Amino acid sequence: MTQTSHAGQPHVKAFINETWLERYGYPIHQDNLLFLWSITVSIFGIGGLVGSSGSRYLTVKYGKYVCLKNLKKCLLCTNLLMITAASVMGCSKMARSFEMILIGRFLCGVSAGLCVPLHHQYLGEVSPKKLRGFANSTASFFWSLGKATGQIAGQRELLGSRSLWPVLMASCGIPALVQLLTLPFFPESPPYLLLHKGDQEGCKKAIRQLWGEGHHQAEIDDIMKEKATMKNTKILSVLELMKEPAFRWQLYMIIILSATVQLSGISAIYFYTFEVLQAAGFDDRMISYMTLSVGLSELLAAVSSIIERLGRKTLVRGGYYIMGSLLAAITVTLSLQDWYFWMPYCSLCLIILFVVVFGIGPAGATISIRAEIFQMSCRPPAFVIGAVLNWVGIFVIGTTFPFIVVSHCPRDMAPPLGSRAGCGTGRRAAGGTIVHLFLPETKGKSIVEITEEFNKLNFKKKCVPATPNHVMEDYTYCTRL
(Lines give C-alpha, C1' and ligand atoms only; values in the text may rest on other atoms or scores of the structure.)
Protein backbone atom coordinates (compact mmCIF):
# COMPACT_ATOMS: atom_id res chain seq x y z
CA MET A 1 0.00 0.00 0.00
CA THR A 2 2.86 2.38 0.80
CA GLN A 3 4.53 1.73 -2.52
CA THR A 4 1.36 2.14 -4.59
CA SER A 5 0.84 5.62 -3.12
CA HIS A 6 4.53 6.42 -3.67
CA ALA A 7 4.42 5.25 -7.29
CA GLY A 8 1.48 7.54 -8.04
CA GLN A 9 3.03 10.50 -6.22
CA PRO A 10 3.24 12.98 -9.17
CA HIS A 11 -0.29 12.18 -10.32
CA VAL A 12 -1.80 12.38 -6.81
CA LYS A 13 -0.12 15.75 -6.23
CA ALA A 14 -1.40 16.99 -9.58
CA PHE A 15 -4.90 15.73 -8.71
CA ILE A 16 -4.84 17.58 -5.37
CA ASN A 17 -3.76 20.76 -7.14
CA GLU A 18 -6.43 20.41 -9.85
CA THR A 19 -9.17 19.73 -7.30
CA TRP A 20 -8.08 22.71 -5.22
CA LEU A 21 -8.12 24.95 -8.30
CA GLU A 22 -11.62 23.79 -9.25
CA ARG A 23 -12.96 24.45 -5.75
CA TYR A 24 -11.32 27.74 -4.85
CA GLY A 25 -10.25 29.24 -8.17
CA TYR A 26 -6.53 29.38 -7.41
CA PRO A 27 -3.75 26.78 -7.21
CA ILE A 28 -2.77 25.36 -3.83
CA HIS A 29 0.30 26.80 -2.14
CA GLN A 30 3.31 24.50 -2.37
CA ASP A 31 3.69 24.26 1.40
CA ASN A 32 0.06 23.18 1.73
CA LEU A 33 0.50 20.68 -1.09
CA LEU A 34 3.56 19.23 0.63
CA PHE A 35 1.64 19.01 3.89
CA LEU A 36 -1.33 17.23 2.27
CA TRP A 37 1.01 14.79 0.55
CA SER A 38 2.87 14.02 3.77
CA ILE A 39 -0.46 13.44 5.56
CA THR A 40 -1.59 11.18 2.69
CA VAL A 41 1.51 9.05 3.23
CA SER A 42 1.60 9.08 7.03
CA ILE A 43 -2.11 8.72 7.87
CA PHE A 44 -1.57 5.03 7.16
CA GLY A 45 0.35 4.97 10.46
CA ILE A 46 -2.53 6.54 12.40
CA GLY A 47 -4.88 3.93 10.98
CA GLY A 48 -2.42 1.21 11.98
CA LEU A 49 -2.30 2.59 15.52
CA VAL A 50 -6.11 2.47 15.78
CA GLY A 51 -6.21 -1.02 14.28
CA SER A 52 -3.54 -2.47 16.55
CA SER A 53 -5.41 -1.12 19.58
CA GLY A 54 -8.52 -2.87 18.28
CA SER A 55 -6.69 -6.17 17.91
CA ARG A 56 -5.59 -5.96 21.52
CA TYR A 57 -9.22 -5.39 22.59
CA LEU A 58 -10.36 -8.51 20.75
CA THR A 59 -7.58 -10.60 22.28
CA VAL A 60 -8.28 -9.48 25.83
CA LYS A 61 -12.04 -9.69 25.45
CA TYR A 62 -12.16 -13.20 24.05
CA GLY A 63 -9.03 -14.67 25.63
CA LYS A 64 -6.09 -16.14 23.74
CA TYR A 65 -7.58 -19.33 22.35
CA VAL A 66 -11.07 -17.95 21.93
CA CYS A 67 -9.46 -15.21 19.87
CA LEU A 68 -8.08 -17.89 17.56
CA LYS A 69 -11.56 -19.32 17.30
CA ASN A 70 -12.69 -15.96 15.93
CA LEU A 71 -9.49 -15.35 13.97
CA LYS A 72 -11.09 -16.15 10.65
CA LYS A 73 -14.01 -13.85 11.37
CA CYS A 74 -11.63 -11.07 12.44
CA LEU A 75 -9.51 -11.46 9.32
CA LEU A 76 -12.55 -11.68 7.07
CA CYS A 77 -13.78 -8.40 8.55
CA THR A 78 -10.40 -6.75 7.98
CA ASN A 79 -10.48 -8.00 4.39
CA LEU A 80 -13.85 -6.35 3.90
CA LEU A 81 -12.40 -3.17 5.42
CA MET A 82 -9.45 -3.25 2.99
CA ILE A 83 -11.76 -3.81 0.01
CA THR A 84 -13.86 -0.84 1.16
CA ALA A 85 -10.73 1.31 1.44
CA ALA A 86 -9.62 0.26 -2.05
CA SER A 87 -13.03 1.15 -3.48
CA VAL A 88 -12.98 4.58 -1.81
CA MET A 89 -9.54 5.42 -3.19
CA GLY A 90 -10.38 4.02 -6.62
CA CYS A 91 -13.40 6.33 -6.88
CA SER A 92 -11.58 9.46 -5.61
CA LYS A 93 -10.76 10.83 -9.08
CA MET A 94 -14.28 10.24 -10.33
CA ALA A 95 -15.70 12.03 -7.27
CA ARG A 96 -13.09 14.83 -7.56
CA SER A 97 -12.22 14.43 -3.88
CA PHE A 98 -8.66 14.03 -2.61
CA GLU A 99 -10.15 13.57 0.87
CA MET A 100 -11.30 10.12 -0.26
CA ILE A 101 -7.64 9.15 -0.70
CA LEU A 102 -6.98 10.19 2.90
CA ILE A 103 -9.97 8.20 4.12
CA GLY A 104 -8.91 5.16 2.09
CA ARG A 105 -5.35 5.31 3.38
CA PHE A 106 -6.61 5.56 6.95
CA LEU A 107 -8.88 2.53 6.51
CA CYS A 108 -5.98 0.58 4.97
CA GLY A 109 -3.92 1.36 8.06
CA VAL A 110 -6.72 0.19 10.35
CA SER A 111 -6.94 -3.08 8.42
CA ALA A 112 -3.17 -3.60 8.58
CA GLY A 113 -3.09 -2.73 12.28
CA LEU A 114 -5.73 -5.36 13.00
CA CYS A 115 -4.11 -8.08 10.89
CA VAL A 116 -0.45 -7.85 11.85
CA PRO A 117 -0.64 -8.73 15.60
CA LEU A 118 -3.11 -11.56 14.98
CA HIS A 119 -0.88 -12.88 12.20
CA HIS A 120 2.14 -13.07 14.52
CA GLN A 121 0.22 -14.67 17.38
CA TYR A 122 -1.42 -17.24 15.13
CA LEU A 123 1.83 -18.25 13.43
CA GLY A 124 3.51 -18.58 16.80
CA GLU A 125 0.96 -21.25 17.78
CA VAL A 126 0.55 -23.23 14.55
CA SER A 127 4.30 -23.52 13.82
CA PRO A 128 6.54 -26.32 15.13
CA LYS A 129 9.35 -25.10 17.36
CA LYS A 130 12.08 -25.76 14.80
CA LEU A 131 10.32 -23.58 12.20
CA ARG A 132 8.89 -20.95 14.53
CA GLY A 133 11.42 -18.28 13.63
CA PHE A 134 11.05 -18.91 9.90
CA ALA A 135 7.25 -18.81 10.11
CA ASN A 136 7.27 -15.52 12.00
CA SER A 137 9.71 -14.01 9.49
CA THR A 138 7.24 -14.65 6.65
CA ALA A 139 5.51 -11.43 7.71
CA SER A 140 8.54 -9.42 6.57
CA PHE A 141 8.63 -11.44 3.33
CA PHE A 142 5.03 -10.58 2.49
CA TRP A 143 5.60 -6.92 3.39
CA SER A 144 8.50 -6.96 0.92
CA LEU A 145 6.43 -8.80 -1.68
CA GLY A 146 3.65 -6.24 -1.37
CA LYS A 147 6.05 -3.34 -1.75
CA ALA A 148 7.78 -4.87 -4.75
CA THR A 149 4.44 -5.68 -6.39
CA GLY A 150 3.28 -2.11 -5.81
CA GLN A 151 6.47 -0.75 -7.37
CA ILE A 152 6.10 -3.00 -10.42
CA ALA A 153 2.43 -2.10 -10.90
CA GLY A 154 3.28 1.56 -10.38
CA GLN A 155 5.58 1.81 -13.40
CA ARG A 156 4.22 4.29 -15.95
CA GLU A 157 4.00 1.52 -18.57
CA LEU A 158 1.48 -0.31 -16.32
CA LEU A 159 -0.74 1.47 -13.78
CA GLY A 160 1.47 4.45 -12.95
CA SER A 161 0.03 6.65 -15.72
CA ARG A 162 -2.05 9.80 -15.39
CA SER A 163 -5.27 7.97 -16.30
CA LEU A 164 -4.75 4.70 -14.38
CA TRP A 165 -3.39 5.84 -11.01
CA PRO A 166 -6.82 5.38 -9.30
CA VAL A 167 -6.71 1.73 -10.37
CA LEU A 168 -3.23 1.52 -8.84
CA MET A 169 -4.54 2.94 -5.54
CA ALA A 170 -7.41 0.43 -5.58
CA SER A 171 -5.16 -2.56 -6.32
CA CYS A 172 -4.58 -3.09 -2.57
CA GLY A 173 -8.02 -4.69 -2.51
CA ILE A 174 -6.94 -7.62 -4.68
CA PRO A 175 -4.98 -9.54 -1.98
CA ALA A 176 -7.82 -8.88 0.47
CA LEU A 177 -10.30 -10.35 -2.00
CA VAL A 178 -8.10 -13.43 -2.48
CA GLN A 179 -7.88 -13.99 1.28
CA LEU A 180 -11.61 -13.39 1.66
CA LEU A 181 -12.29 -16.25 -0.77
CA THR A 182 -9.63 -18.70 0.47
CA LEU A 183 -9.42 -18.16 4.26
CA PRO A 184 -12.58 -20.20 5.10
CA PHE A 185 -10.78 -23.32 3.81
CA PHE A 186 -7.80 -22.97 6.19
CA PRO A 187 -7.55 -25.37 9.19
CA GLU A 188 -8.22 -24.23 12.74
CA SER A 189 -5.36 -23.67 15.17
CA PRO A 190 -4.24 -26.98 16.81
CA PRO A 191 -4.06 -25.38 20.29
CA TYR A 192 -7.62 -24.11 19.92
CA LEU A 193 -8.89 -27.53 18.85
CA LEU A 194 -7.14 -29.38 21.67
CA LEU A 195 -7.52 -26.93 24.55
CA HIS A 196 -10.77 -25.17 23.81
CA LYS A 197 -12.74 -27.92 22.11
CA GLY A 198 -10.95 -30.92 23.61
CA ASP A 199 -10.80 -32.46 20.12
CA GLN A 200 -7.54 -34.43 20.07
CA GLU A 201 -8.30 -36.11 16.74
CA GLY A 202 -9.16 -32.77 15.19
CA CYS A 203 -5.94 -31.37 16.60
CA LYS A 204 -3.91 -34.20 15.05
CA LYS A 205 -5.68 -33.70 11.71
CA ALA A 206 -4.93 -29.98 11.76
CA ILE A 207 -1.29 -30.68 12.64
CA ARG A 208 -1.00 -33.09 9.71
CA GLN A 209 -2.51 -30.48 7.40
CA LEU A 210 -0.15 -27.80 8.65
CA TRP A 211 3.05 -29.78 9.24
CA GLY A 212 2.65 -32.87 7.07
CA GLU A 213 2.65 -36.53 7.99
CA GLY A 214 4.81 -37.73 10.86
CA HIS A 215 4.93 -38.31 14.61
CA HIS A 216 3.75 -35.14 16.34
CA GLN A 217 3.07 -36.34 19.88
CA ALA A 218 5.87 -34.15 21.22
CA GLU A 219 4.12 -31.06 19.86
CA ILE A 220 0.84 -32.16 21.44
CA ASP A 221 2.66 -32.62 24.77
CA ASP A 222 4.03 -29.07 24.44
CA ILE A 223 0.49 -27.76 23.94
CA MET A 224 -0.66 -29.57 27.07
CA LYS A 225 2.30 -28.20 28.99
CA GLU A 226 1.37 -24.69 27.92
CA LYS A 227 -2.18 -25.32 29.08
CA ALA A 228 -0.85 -26.35 32.48
CA THR A 229 1.37 -23.27 32.59
CA MET A 230 -1.56 -21.00 31.77
CA LYS A 231 -3.95 -22.50 34.32
CA ASN A 232 -5.49 -19.79 36.49
CA THR A 233 -3.51 -17.16 34.57
CA LYS A 234 -5.29 -14.14 33.14
CA ILE A 235 -4.32 -12.00 30.17
CA LEU A 236 -2.49 -8.92 31.46
CA SER A 237 -3.39 -5.39 30.47
CA VAL A 238 -0.80 -2.95 29.15
CA LEU A 239 -0.58 -1.19 32.52
CA GLU A 240 -0.28 -4.48 34.40
CA LEU A 241 2.52 -5.61 32.08
CA MET A 242 4.40 -2.35 32.63
CA LYS A 243 4.14 -2.82 36.41
CA GLU A 244 5.07 -6.53 36.44
CA PRO A 245 8.74 -6.97 37.47
CA ALA A 246 8.87 -10.51 36.03
CA PHE A 247 8.67 -9.09 32.48
CA ARG A 248 10.66 -5.90 32.93
CA TRP A 249 13.56 -6.80 30.64
CA GLN A 250 11.33 -8.39 28.02
CA LEU A 251 9.50 -5.06 27.87
CA TYR A 252 12.78 -3.16 27.65
CA MET A 253 13.78 -5.33 24.70
CA ILE A 254 10.49 -4.69 22.89
CA ILE A 255 10.87 -0.93 23.35
CA ILE A 256 14.52 -0.93 22.28
CA LEU A 257 13.91 -3.13 19.23
CA SER A 258 10.88 -1.10 18.10
CA ALA A 259 12.62 2.23 18.61
CA THR A 260 15.77 1.08 16.81
CA VAL A 261 13.77 -0.07 13.78
CA GLN A 262 12.09 3.33 13.51
CA LEU A 263 15.36 5.24 14.03
CA SER A 264 17.27 3.05 11.59
CA GLY A 265 16.15 5.15 8.60
CA ILE A 266 14.40 2.27 6.87
CA SER A 267 10.95 3.92 7.09
CA ALA A 268 12.28 7.04 5.37
CA ILE A 269 13.74 4.88 2.61
CA TYR A 270 10.42 3.03 2.19
CA PHE A 271 8.26 6.14 2.11
CA TYR A 272 10.49 8.54 0.21
CA THR A 273 12.91 6.59 -1.96
CA PHE A 274 11.98 8.94 -4.82
CA GLU A 275 13.11 12.02 -2.87
CA VAL A 276 16.29 10.36 -1.60
CA LEU A 277 17.31 9.31 -5.12
CA GLN A 278 16.34 12.72 -6.43
CA ALA A 279 18.70 14.26 -3.89
CA ALA A 280 21.35 11.79 -5.05
CA GLY A 281 21.22 13.46 -8.47
CA PHE A 282 19.27 11.01 -10.64
CA ASP A 283 16.94 12.00 -13.45
CA ASP A 284 13.23 11.78 -12.57
CA ARG A 285 12.52 9.48 -15.51
CA MET A 286 14.95 6.87 -14.20
CA ILE A 287 14.07 7.04 -10.52
CA SER A 288 10.95 4.84 -10.82
CA TYR A 289 13.09 2.00 -12.19
CA MET A 290 15.68 2.53 -9.47
CA THR A 291 13.08 2.39 -6.72
CA LEU A 292 11.96 -0.89 -8.25
CA SER A 293 15.50 -2.23 -7.91
CA VAL A 294 15.44 -1.27 -4.21
CA GLY A 295 12.12 -3.11 -3.68
CA LEU A 296 13.24 -6.23 -5.53
CA SER A 297 16.49 -6.30 -3.56
CA GLU A 298 14.55 -6.27 -0.30
CA LEU A 299 12.31 -9.06 -1.57
CA LEU A 300 15.32 -11.22 -2.47
CA ALA A 301 16.80 -10.51 0.96
CA ALA A 302 13.57 -11.62 2.65
CA VAL A 303 13.51 -14.81 0.56
CA SER A 304 17.08 -15.65 1.53
CA SER A 305 16.46 -15.08 5.25
CA ILE A 306 18.95 -17.05 7.37
CA ILE A 307 17.13 -16.59 10.67
CA GLU A 308 17.13 -20.31 11.53
CA ARG A 309 20.84 -20.71 10.72
CA LEU A 310 22.40 -17.74 12.51
CA GLY A 311 19.81 -17.02 15.19
CA ARG A 312 17.89 -13.87 16.08
CA LYS A 313 20.43 -12.14 18.29
CA THR A 314 23.27 -12.39 15.77
CA LEU A 315 21.12 -11.04 12.94
CA VAL A 316 19.80 -8.06 14.90
CA ARG A 317 23.16 -7.10 16.38
CA GLY A 318 25.20 -7.55 13.21
CA GLY A 319 22.49 -6.02 11.03
CA TYR A 320 22.42 -2.74 12.93
CA TYR A 321 26.21 -2.46 13.06
CA ILE A 322 26.40 -2.88 9.28
CA MET A 323 23.42 -0.55 8.65
CA GLY A 324 25.07 2.18 10.71
CA SER A 325 28.24 1.93 8.63
CA LEU A 326 26.26 1.99 5.39
CA LEU A 327 24.27 5.03 6.50
CA ALA A 328 27.48 6.95 7.23
CA ALA A 329 28.76 5.98 3.77
CA ILE A 330 25.47 7.12 2.14
CA THR A 331 25.86 10.52 3.80
CA VAL A 332 29.39 10.83 2.40
CA THR A 333 28.32 9.92 -1.15
CA LEU A 334 25.38 12.35 -1.02
CA SER A 335 27.67 15.17 0.04
CA LEU A 336 30.17 14.32 -2.77
CA GLN A 337 27.62 13.80 -5.55
CA ASP A 338 28.57 17.05 -7.33
CA TRP A 339 32.26 16.16 -7.35
CA TYR A 340 32.17 12.96 -9.39
CA PHE A 341 29.64 11.88 -12.03
CA TRP A 342 29.63 8.29 -10.73
CA MET A 343 28.98 9.20 -7.08
CA PRO A 344 25.12 9.00 -7.37
CA TYR A 345 25.48 5.36 -8.47
CA CYS A 346 27.50 4.68 -5.33
CA SER A 347 24.62 6.18 -3.33
CA LEU A 348 22.16 3.88 -5.10
CA CYS A 349 24.29 0.79 -4.42
CA LEU A 350 24.64 1.72 -0.75
CA ILE A 351 20.89 2.30 -0.41
CA ILE A 352 20.24 -1.14 -1.93
CA LEU A 353 22.78 -2.72 0.44
CA PHE A 354 21.16 -0.89 3.36
CA VAL A 355 17.74 -2.35 2.48
CA VAL A 356 19.18 -5.84 1.85
CA VAL A 357 20.97 -5.92 5.21
CA PHE A 358 17.77 -4.85 6.97
CA GLY A 359 15.75 -7.50 5.11
CA ILE A 360 18.18 -10.32 5.90
CA GLY A 361 18.83 -9.30 9.50
CA PRO A 362 16.69 -7.08 11.75
CA ALA A 363 13.43 -7.26 9.76
CA GLY A 364 12.56 -10.92 10.24
CA ALA A 365 14.53 -11.42 13.45
CA THR A 366 12.81 -8.55 15.27
CA ILE A 367 9.36 -9.91 14.42
CA SER A 368 10.36 -13.36 15.63
CA ILE A 369 11.80 -12.05 18.90
CA ARG A 370 8.61 -10.16 19.72
CA ALA A 371 6.60 -13.36 19.48
CA GLU A 372 9.10 -15.53 21.39
CA ILE A 373 10.16 -13.66 24.54
CA PHE A 374 6.72 -13.27 26.15
CA GLN A 375 4.51 -15.85 27.78
CA MET A 376 0.96 -16.15 26.53
CA SER A 377 -0.50 -14.06 29.36
CA CYS A 378 1.40 -10.96 28.28
CA ARG A 379 1.79 -11.36 24.51
CA PRO A 380 -1.31 -9.27 23.65
CA PRO A 381 -0.26 -6.15 25.66
CA ALA A 382 3.35 -6.61 24.54
CA PHE A 383 2.26 -6.61 20.90
CA VAL A 384 0.20 -3.48 21.58
CA ILE A 385 3.21 -1.64 23.02
CA GLY A 386 5.41 -2.68 20.09
CA ALA A 387 2.69 -1.78 17.58
CA VAL A 388 2.09 1.65 19.14
CA LEU A 389 5.80 2.48 18.90
CA ASN A 390 5.99 1.26 15.31
CA TRP A 391 2.88 3.02 14.04
CA VAL A 392 3.68 6.28 15.83
CA GLY A 393 7.17 6.15 14.35
CA ILE A 394 5.75 5.55 10.87
CA PHE A 395 3.41 8.53 11.24
CA VAL A 396 6.09 10.90 12.56
CA ILE A 397 8.65 9.95 9.91
CA GLY A 398 6.07 9.98 7.11
CA THR A 399 4.89 13.45 8.14
CA THR A 400 8.22 15.14 8.81
CA PHE A 401 10.57 13.70 6.20
CA PRO A 402 9.24 15.68 3.16
CA PHE A 403 9.87 18.92 5.03
CA ILE A 404 13.35 17.73 5.97
CA VAL A 405 14.06 17.08 2.29
CA VAL A 406 12.99 20.64 1.42
CA SER A 407 14.75 22.44 4.29
CA HIS A 408 18.01 20.47 4.61
CA CYS A 409 20.91 19.91 2.33
CA PRO A 410 21.45 16.38 0.88
CA ARG A 411 24.11 15.35 3.34
CA ASP A 412 21.62 15.80 6.19
CA MET A 413 18.98 13.55 4.62
CA ALA A 414 20.31 10.12 5.51
CA PRO A 415 19.27 10.07 9.17
CA PRO A 416 15.49 9.76 9.35
CA LEU A 417 14.83 12.94 11.31
CA GLY A 418 17.57 15.11 9.85
CA SER A 419 20.25 14.39 12.46
CA ARG A 420 23.86 14.11 11.51
CA ALA A 421 25.16 10.79 10.23
CA GLY A 422 27.21 10.26 13.35
CA CYS A 423 24.09 10.39 15.50
CA GLY A 424 22.29 7.95 13.18
CA THR A 425 25.20 5.52 13.24
CA GLY A 426 25.46 5.91 17.02
CA ARG A 427 21.81 4.97 17.51
CA ARG A 428 22.24 1.75 15.55
CA ALA A 429 25.48 0.92 17.32
CA ALA A 430 23.80 1.55 20.68
CA GLY A 431 20.85 -0.66 19.73
CA GLY A 432 23.14 -3.45 18.56
CA THR A 433 25.26 -3.23 21.71
CA ILE A 434 22.22 -3.41 24.03
CA VAL A 435 20.94 -6.44 22.11
CA HIS A 436 24.37 -8.07 22.43
CA LEU A 437 24.56 -7.49 26.17
CA PHE A 438 21.03 -8.20 27.35
CA LEU A 439 19.00 -10.19 24.79
CA PRO A 440 19.28 -13.99 25.17
CA GLU A 441 19.30 -16.08 22.00
CA THR A 442 15.80 -17.48 21.41
CA LYS A 443 16.57 -19.83 18.53
CA GLY A 444 15.32 -23.36 19.26
CA LYS A 445 14.32 -22.56 22.85
CA SER A 446 10.96 -22.99 24.54
CA ILE A 447 9.23 -20.10 26.29
CA VAL A 448 10.19 -21.65 29.65
CA GLU A 449 13.89 -21.62 28.75
CA ILE A 450 13.71 -18.06 27.41
CA THR A 451 11.89 -16.87 30.54
CA GLU A 452 14.57 -18.44 32.75
CA GLU A 453 17.22 -16.44 30.85
CA PHE A 454 15.32 -13.19 31.39
CA ASN A 455 14.73 -14.01 35.07
CA LYS A 456 18.48 -13.67 35.60
CA LEU A 457 18.07 -10.01 34.59
CA ASN A 458 14.65 -9.38 36.12
CA PHE A 459 15.52 -10.76 39.55
CA LYS A 460 19.32 -10.44 39.54
CA LYS A 461 20.65 -12.78 42.25
CA LYS A 462 17.30 -14.30 43.13
CA CYS A 463 16.54 -17.73 41.73
CA VAL A 464 13.04 -17.64 40.28
CA PRO A 465 11.96 -20.66 38.20
CA ALA A 466 10.04 -19.95 34.98
CA THR A 467 7.72 -22.88 35.65
CA PRO A 468 6.57 -23.27 39.27
CA ASN A 469 6.19 -26.71 40.83
CA HIS A 470 2.38 -26.68 40.82
CA VAL A 471 2.49 -26.04 37.09
CA MET A 472 4.63 -29.11 36.52
CA GLU A 473 2.19 -31.13 38.61
CA ASP A 474 -0.68 -29.89 36.43
CA TYR A 475 1.32 -30.77 33.36
CA THR A 476 1.91 -34.34 34.61
CA TYR A 477 -1.80 -34.71 35.31
CA CYS A 478 -2.77 -33.40 31.87
CA THR A 479 -0.38 -35.70 30.01
CA ARG A 480 -1.73 -38.70 31.90
CA LEU A 481 -5.20 -37.80 30.67
Need at least 1 residues that are under 23 Å from the mean Cα position of the chain (by Cα) per element, so show me which helices (runs of 4 or more DSSP H) inside segment 157-213 make the cut, counting only ones lying wholly within it.
165-170, 173-182
Going by what's in this entry, would Ala259 be described as more than 20 Å from Thr149 (Cβ to Cβ), small (Gly, Ala, Ser) and modelled with pLDDT under 75?
no
Leu327 passes all but one of the listed conditions (1) open to solvent by less than 60 Å² (accessible area, probe 1.4 Å); (2) over 15 Å from Ala363 (Cβ atoms); (3) within 24 Å of the chain's Cα centre (by Cα); (4) at pLDDT below 75; the exception is number (4)
Selection within segment 277-295 - modelled with pLDDT under 70 and open to solvent by less than 10 Å² (accessible area, probe 1.4 Å)
Ala280
Could you please tell me which pairs satisfy a Cβ distance under 9 Å, a separation of 6+ or placement on different chains, a first residue in segment 147-165 that is more than 22 Å from Ile16 (Cβ to Cβ), and a second residue that is in a loop (DSSP other than H, G, I, E, B) and open to solvent by 80 Å² or more (accessible area, probe 1.4 Å)?
Ile152/Leu158
Lys243 meets each of (1) surrounded by fewer than 19 Cβ atoms within 10 Å (Cβ to Cβ); (2) at pLDDT below 80 with one exception, condition (2)
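The values are calculated or read from the model by the stated rules, or taken from the named source; none is laboratory data. Keep in mind the model is a prediction, meaning the values are calculated, not measured. We place every Cβ from the backbone using ideal geometry, glycine too, and count neighbours over all the protein chains shown. Surface areas here come from the heavy atoms of the whole protein model, side chains and all, with no ligands, DNA or RNA. Shrake-Rupley method; radii C 1.70, N 1.55, O 1.52, S 1.80 Å.
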